[in-house]
């Protein structure tokens, strides 16, 4: 009896769905059952693009909105890359109070035995065998949690607090206090910094009553790497129990200042590009680089030709971009995904309508079997055709940019010019 009730309802529902579908899209019934070339009014065109490598804009590294989406990765080092030139990375960070400091914390000690700044390693890109020359300076400007900071910003520094030359060992454990610990960067600092902090507590304990008061006293640190473009760039996660400034004193005691989720911390970058990356000449090989590095300007050739036989509906516009052969050596893996932006009249990145769709529609993931990326820009093409052909506007092109530009140090080399294809499936109105 139950079966007899359900079946008529199910059949009625299916009929209603089919009826609605046939009423709303009469021209599309059965199109998925035959090749596009055999469907009425449907055709497939292949267009080519003008391709240029250009510099990326300075990117937001810290802001309240950005931190809701992605916490900052910390980068340090430099590399000299034959396709793009030299890239440099450093970072800045506040130091915050750990456990509550009381008269018994330092027990009257005014000079530490040692001071160590430590960070957990995350990743490394470039030549892993070259020595890094890392320096730590005192930050002279206060950083604010509710402010916005960009990747090209420079920060004021006072005296040198410490320096170390080392080859990063991001996979090997280290010995800390007689025990093995996770791979980490450990930089010995001048004990004068620890003495300054300890004596401040004796003379002005109010400095340690809150993190705000302490940061007014000691604003933070700036880390640089003076290796001139050679080597690698290491990255550290946003937060870790290893991220800290430790004062060791009285033989067997220590106090840890923290670099936690509440500390303002972010990287900064600078680049010395090859002349070919900014010459406005079409490039056979394109470079996409993270860390606010390089992006690619793509302009579709003969876009208006899609309207040669009248207005059309664009159902698919697949941008196929291939990896340049032999460019993944020396610890440079291609980006896991690339992104497409539009360009405005000033050359700024503009989010396309396609980017609001699902990832399965949008694409952009690296296909390691075909060594290529495929992105769908159908909505961009449809809107641009309307703007250019119907309304007499101008097409400012597209930008191909690195996925995770502020969370990885990768660079990807791509085949440019005629190797990039835009495969467009279109349907003529009322064929």
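Residue pairs whose Cβ atoms lie under 8 Å apart, separated by 6 or more positions or on different chains, with the first residue in the range 388-413 and at positive phi and assigned by TED's automatic domain parsing to the domain that holds residue 332 and the second buried (at least 17 other Cβ atoms within 10 Å of the Cβ) and assigned to a strand (DSSP E or B), are 397/297; 397/298; 397/300; 397/342; 397/343.
Does residue 383 satisfy the criteria of being in the same structural domain as residue 413 (by TED's automatic domain parsing) and more than 21 Å from residue 405 (Cα to Cα)? Full working, then the answer.
Values: in the same structural domain as residue 413 (by TED's automatic domain parsing): yes; more than 21 Å from residue 405 (Cα to Cα): yes.
The answer is yes for residue 383.
In contact (Cβ under 8 Å) with a residue 24 or more places away in the chain and in contact with a strand residue (DSSP E or B) (Cβ under 7 Å, 6 or more places away or on another chain): is that true of residue 299 in this structure? In short, yes. Look at (1) loosely packed, with under 14 Cβ neighbours inside 10 Å; (2) in contact with a strand residue (DSSP E or B) (Cβ under 8 Å, 6 or more places away or on another chain) and you find that residue 348 fails only one, number (2).
Determine if the range 373-384 includes at least one residue that is surrounded by fewer than 21 Cβ atoms within 10 Å (Cβ to Cβ) and farther than 19 Å from residue 314 by Cα. Within the range 373-384, not a single residue is surrounded by fewer than 21 Cβ atoms within 10 Å (Cβ to Cβ) and farther than 19 Å from residue 314 by Cα.
If residue 238 meets every condition in (1) surrounded by fewer than 14 Cβ atoms within 10 Å (Cβ to Cβ); (2) in the same structural domain as residue 197 (by TED's automatic domain parsing); (3) touching a residue at least 40 places away in the same chain (Cβ under 8 Å) apart from one, which number is that one? Condition (1) is where residue 238 drops out. Taking the range 328-431 and the strands (runs of 3 or more DSSP E) fully enclosed by it, the elements with 1 or more residues that are within 21 Å of the chain's Cα centre (by Cα) are at 338-343, 349-351, 363-367, 372-376, 398-402, 411-415. All conditions in (1) over 21 Å from residue 152 (Cα atoms); (2) buried (at least 19 other Cβ atoms within 10 Å of the Cβ); (3) under 24 Å from the mean Cα position of the chain (by Cα); (4) in contact (Cβ under 8 Å) with a residue 60 or more places away in the chain hold for residue 314, with the sole exception of (3). The number of residues in the range 254-285 being more than 18 Å from the chain's Cα centre (by Cα) and either under 17 Å from residue 54 (Cβ atoms) or without any contact (Cβ under 8 Å) to a residue 24 or more places away in the chain (or both) comes to 15.
Within the group 156, 231, which residue is surrounded by 13 or more Cβ atoms within 10 Å (Cβ to Cβ) and in the same structural domain as residue 258 (by TED's automatic domain parsing)?
Details: 156 fails: surrounded by 13 or more Cβ atoms within 10 Å (Cβ to Cβ).
Matching residue, one of 156, 231: 231.
For the range 12-111, list the strands (runs of 3 or more DSSP E) that sit wholly inside it and hold at least 1 residues that are modelled with pLDDT under 95; which are they?
On the way: elements: 42-55, 60-62, 74-81, 85-93.
Result: 42-55, 74-81, 85-93.
Kindly establish whether residue 144 is in contact with a strand residue (DSSP E or B) (Cβ under 6 Å, 6 or more places away or on another chain) and either closer than 22 Å to residue 229 by Cβ or in a loop (DSSP other than H, G, I, E, B) (or both).
Judged against the criteria, residue 144 is not a match.
Would you check if residue 214 is surrounded by fewer than 23 Cβ atoms within 10 Å (Cβ to Cβ), at pLDDT 95 or above and touching a strand residue (DSSP E or B) at 6+ places or on another chain (Cβ under 9 Å)?
Details: surrounded by fewer than 23 Cβ atoms within 10 Å (Cβ to Cβ): yes; at pLDDT 95 or above: yes; touching a strand residue (DSSP E or B) at 6+ places or on another chain (Cβ under 9 Å): yes.
Answer is yes for this residue.
The values are calculated or read from the model by the stated rules, or taken from the named source; none is laboratory data. Predicted model only: the values in this text are computed from it and were never measured. Cβ: placed from backbone, ideal geometry, glycine included. Neighbour counts: every protein chain shown.
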